[in-house]
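Here the structure comes first, spelled out in C-alpha cells, and everything after it is commentary.
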Amino acid sequence: MPAGRVEGDMDKKRAIVLGAGFGGSAAAARLSRLLPADKWEVVLVDRNNYLLFYPLLPEVAAGTLEPRHVVVPARSFLPKGRFVYAEVTGLDLERSRVHLSTEDEPAWSMRYDHLVLALGSVTRLPPVPGLREHGFELKTIADAASLRDHGISLLERASMAKDPELRRELLRVVVVGANFTGVELAGEYQDFLRDACRSYPELDPDDVDVVVVEARSRILPALPEKLADYARAHLERRGLRFATGRTVARVDRRGAELSDGTWLPSRTVAWCAGIAPNPLLAGCQDLPKNEQGYVETRPDLRVKGFDNVWAIGDSAFVPQPDGHGYPATAQVATRQGEHAARNIALAVRGAPLRPFAFRSRGALAALGCRTAVAEVFGLRIAGFPAWFLYRTVYLLKVPTLGRKLSIVTDWTVDLFAKQMPVQLGLHRRASETNGASRRDEARL
C-alpha cells in the first residue's frame, strides 16, 4: 500500500465515483441528489476537471466546433458533492480505499463505503508494426485538435508540392474502423479538407482522398443494414472509398499496407478500430475480469464478489439477459450511471436492488456535408432531416446552458461563414501525440 495519509470522515459515510465521463458524471450527479447530505459525502474523482463530450470530437477535428466548447466543468454536476482533481494509482478493495496522487501530494488515500468504477476506455491499439509510432487516435481533445492542425499542415505542404503524386499522398487520409467514430471522422474530415482547399489556388478539392478500412464486410454495424448501406452509398457518391473485409498489416510515415497487400500512400492514418478497458484495472488483481479485461458485474451493476463496489460504462461487462454485454456508448454509460446511483440508494435503505435493463432510444451518425443517418424509436431517417435531428439530439444532451449556446454559435457561424484554415499551434507528430495520450490514459 502506498504511504501517505488516509482521508476519512468519521461523521459521514462516503460514496466515491472514479471517472468523470458520461457514466461517472451521471452517477455522481444522481447520488448527490439521492443520498442525504448530512449523512453522506459524494466524491467524484478524475485527473481532468471536465466531462468530455466525446461524440462531438469529430467536429472538433474538422474545425466545426471549438475544443473548449465540448467540455463541461466536472463541478457543475455536483452542487451538493465534491470533486477531487487527482490521478487514481490503485485500489485496495479489501480495506475499502482508493489510492490517489497529485503533483503536490504524490501518495494518499480515501476510504469509501460505496465505490463506483467508471474509468472509461482507451483506444485499442493492436500490435500492428508502426501503428503506435505513426498512427493518430481520436480519444481526447488533444487528439482532435492535433488532427485539425495536422490537416492544415498537409494542405500547406501540398500547396507547395511540385510532384502530383506527393500532393495526392499528402491529401490522402486513411481511417481505420467503420464504427460511428470512424465513419463520422471520415465524413467530417473530408468535408473539412475539401472546404479548406478553396483557400489554396494550387489545390483541387477532388485531390482529397479519404479511405475507410474495415475488417467486417459492412460499415456501421450498430445500425440496421439498410441504413448503413445508405450511409455507404452517400459517402461513396461524395468520393469516399471503403476497403471492407480487410485490415491494416503495417503503418509507416508514408502510408499503410492492408492485409491483402494493397499499399495506401498517406501521411495520415487515424485509428478508430475498437476500445480497450482502462489499463489501471489490469493492476487490480481482486477485480473479477473477463478475457478481454472488462470488469464483470451482476445484472444490478455490482461487481461480482462485492456488495459495495459497482462498475459501469466502457470498462464494465454488464450481462444482458442473453449473456452478451451492452454496447460501449455514451447513452448506455449514462443510463448505467443513473441506475447504479439508484441501486446504491436502495442498498443504503436495505431495499431490494433492481437489475439494469436498457432499451436503445436510437442511434445517429453524422456523415459531413450536412447529412446524417439515424434510427430513433424505430423510425429510420437519412439526409438533411437526419443531420438536423442529430444536432438537435446532441445539443439537448450537452449539459449547461452556456455550453449549449457556445455550440449553437459555432454551428451557426459554420453555416454562414467560410472557415479559414488556420492552425491552433497544437500540431505534433503522431508518435509524440500518441505517446503522451497513452501515458495519461495509463493512469486516469
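Of the residues in segment 401-423, none is surrounded by 15 or more Cβ atoms within 10 Å (Cβ to Cβ), touching a Phe, Trp or Tyr at 6+ places or on another chain (Cβ under 8 Å) and among the hydroxyl-bearing types (Ser, Thr, Tyr).
Would you check if Val84 is touching a residue at least 60 places away in the same chain (Cβ under 8 Å) and not hydroxyl-bearing (Ser, Thr, Tyr)? In short, no. Among what's in segment 240-253 and is more than 24 Å from Ala328 (Cα to Cα) and out of contact with any helix residue (DSSP H, G or I) (no Cβ under 7 Å at 6 or more places or on another chain), pick the residue that is surrounded by the most Cβ atoms within 10 Å (Cβ to Cβ). Out of the qualifying residues, it is Ala243. Each residue in segment 72-89 was checked for being over 13 Å from Met110 (Cβ atoms) and among the aliphatic types (A, V, I, L, M), and 3 pass. Of all the listed residues (Leu379, Leu405), the sole one being among the aliphatic types (A, V, I, L, M), closer than 16 Å to Leu65 by Cβ and out of contact with any helix residue (DSSP H, G or I) (no Cβ under 8 Å at 6 or more places or on another chain) is Leu405. There is no residue in segment 426-436 that is within 20 Å of the chain's Cα centre (by Cα), surrounded by 13 or more Cβ atoms within 10 Å (Cβ to Cβ), at pLDDT 85 or above and within 22 Å of Asn48 (Cβ to Cβ).
In the set Gly337, Gly378, Gly368, only one residue is crowded, with 16+ Cβ neighbours inside 10 Å and either in the same structural domain as Ile219 (by TED's automatic domain parsing) or among the charged types (D, E, K, R) (or both); that residue is Gly368. Going through (1) part of a loop (DSSP other than H, G, I, E, B); (2) surrounded by 18 or more Cβ atoms within 10 Å (Cβ to Cβ) one by one, Asp260 falls short only on (2). Scanning segment 355-364 finds one or more residues that are closer than 30 Å to Trp310 by Cα, surrounded by 17 or more Cβ atoms within 10 Å (Cβ to Cβ) and in contact with a strand residue (DSSP E or B) (Cβ under 6 Å, 6 or more places away or on another chain).
Screening the candidates Ile344, Ile312 for the property of being within 18 Å of the chain's Cα centre (by Cα) and under 18 Å from Tyr112 (Cβ atoms) yields one hit, Ile312. Of the candidates Asp143, Asp149, the single residue that is under 21 Å from Asn179 (Cβ atoms) and either of a type in the set (D, E, K, R) or not in a loop (DSSP other than H, G, I, E, B) (or both) is Asp143.
Looking across segment 397-425 at every residue that is aliphatic (A, V, I, L, M) and under 21 Å from Cys197 (Cα atoms), the one that is modelled with the lowest pLDDT is identified as Ala417. Output the number of the condition that Pro279 fails; it satisfies all remaining conditions of (1) out of contact with any strand residue (DSSP E or B) (no Cβ under 9 Å at 6 or more places or on another chain); (2) surrounded by 15 or more Cβ atoms within 10 Å (Cβ to Cβ); (3) more than 20 Å from Pro58 (Cβ to Cβ). Checking Pro279 against (1) out of contact with any strand residue (DSSP E or B) (no Cβ under 9 Å at 6 or more places or on another chain); (2) surrounded by 15 or more Cβ atoms within 10 Å (Cβ to Cβ); (3) more than 20 Å from Pro58 (Cβ to Cβ), the one that fails is (1). The number of residues in segment 88-134 being over 22 Å from the mean Cα position of the chain (by Cα) and in a strand (DSSP E or B) comes to 14.
So if I check each of Ser146, Ser101, Ser109, which one is outside the structural domain of Ala26 (by TED's automatic domain parsing) and not β-branched (Val, Ile, Thr)?
Selected residue: Ser146, the only one of Ser146, Ser101, Ser109 that is outside the structural domain of Ala26 (by TED's automatic domain parsing) and not β-branched (Val, Ile, Thr).
Here Arg30 does not qualify as at pLDDT 95 or above and touching a strand residue (DSSP E or B) at 6+ places or on another chain (Cβ under 9 Å).
The values are calculated or read from the model by the stated rules, or taken from the named source; none is laboratory data. These numbers were taken from a predicted model, which means no experiment stands behind them. Cβ sites come from the backbone with ideal geometry, for glycine too, and all protein chains shown count toward neighbours.
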